[in-house]
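**Student:** One structure follows; several queries about it will come next.
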Amino acid sequence: RPDALVLGDCDAAAASLAAMLGWEVELQVLVDAQTAAKQKGQAQAQAQAKQEGRAQAQVQVQAQAQEQAQEQVQVQTQAQVQAQVRAQAQAREQEPEGQAAGNQDETVQAQELEGQAQAKAQEPEGQAHALVQAKQEVQAQAAVPEGQVKDGGGEDGGDGGGEREGGGKA
């Protein structure tokens, strides 16, 4: 038996061979099934690409919302710390001169706390914690309830043994 060589378009040669053998209908069924499968695969790929595009868009929107929330927390933290520092400064301005001199260390501490709070607020995972902690630290440093004297800064000029936080004498 000799070999056969057919030059030209492959699809046309296969159709011609199928026609000679009487397989035209079977060939057409196979071609139609293959075409349908190919179109179905393309449609699924397009649908998947759309879903991935939507998911990616949602991720981007969530990332933007998170960035905005972080910026808001940072701005709020800075505003609250600055308000606390201003309130402390106003309170010191209203104190008698003897007490104001003893509070210079507190001013430095408040400024240090403000810097620490700003640094913490810039860390994404620590922003909410930084807000609470900075507020508590500033309040703790500034808290001098009426009737209480801080150690070493009393007006009596003595050994600083005035009324303390416990409410009694030392």
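The values are calculated or read from the model by the stated rules, or taken from the named source; none is laboratory data. Computed from a predicted model, the values in this text were never measured in an experiment. FYI the Cβ positions are ideal-geometry reconstructions off the backbone, even for glycines, and counts take in every protein chain you see. When the accessible area is computed, the model is the full protein with side chains, heavy atoms only, and any ligands, DNA or RNA have been set aside. Shrake-Rupley method; radii C 1.70, N 1.55, O 1.52, S 1.80 Å.
Residue by residue, here is whether (1) assigned to a helix (DSSP H, G or I); (2) charged (D, E, K, R); (3) more than 30 Å from Gln109 (Cα to Cα) holds:
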residue	(1), (2), (3)
Glu26	yes, yes, yes
Asp32	yes, yes, yes
Ala37	yes, no, yes
Gly41	yes, no, yes
Gln44	yes, no, yes
Arg54	yes, yes, yes
Gln64	yes, no, yes
Ala69	yes, no, no
Gln74	yes, no, no
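**Student:** Now, a different point. Contact list please: Cβ distance under 7 Å, first residue in region 47-75 and open to solvent by less than 100 Å² (accessible area, probe 1.4 Å), second residue assigned to a helix (DSSP H, G or I), pairs at least six apart or on different chains.
**Tutor:** Gln70/Pro124; Gln70/Gln127; Val73/Ala121; Val73/Gln127; Val73/Ala128; Val73/Leu131; Gln74/Ala121; Gln74/Gln127
**Student:** Turning to a different aspect of this structure: Pairs needed: first member in region 79-98, at pLDDT 85 or above and assigned to a helix (DSSP H, G or I); second member anywhere, exposed (fewer than 15 other Cβ atoms within 10 Å of the Cβ) and not acidic (Asp, Glu); C-beta distance under 8 Å; at least 6 residues apart or different chains.
**Tutor:** Short answer, once both residue conditions are applied: Gln84/Gln139; Val85/Gln111.
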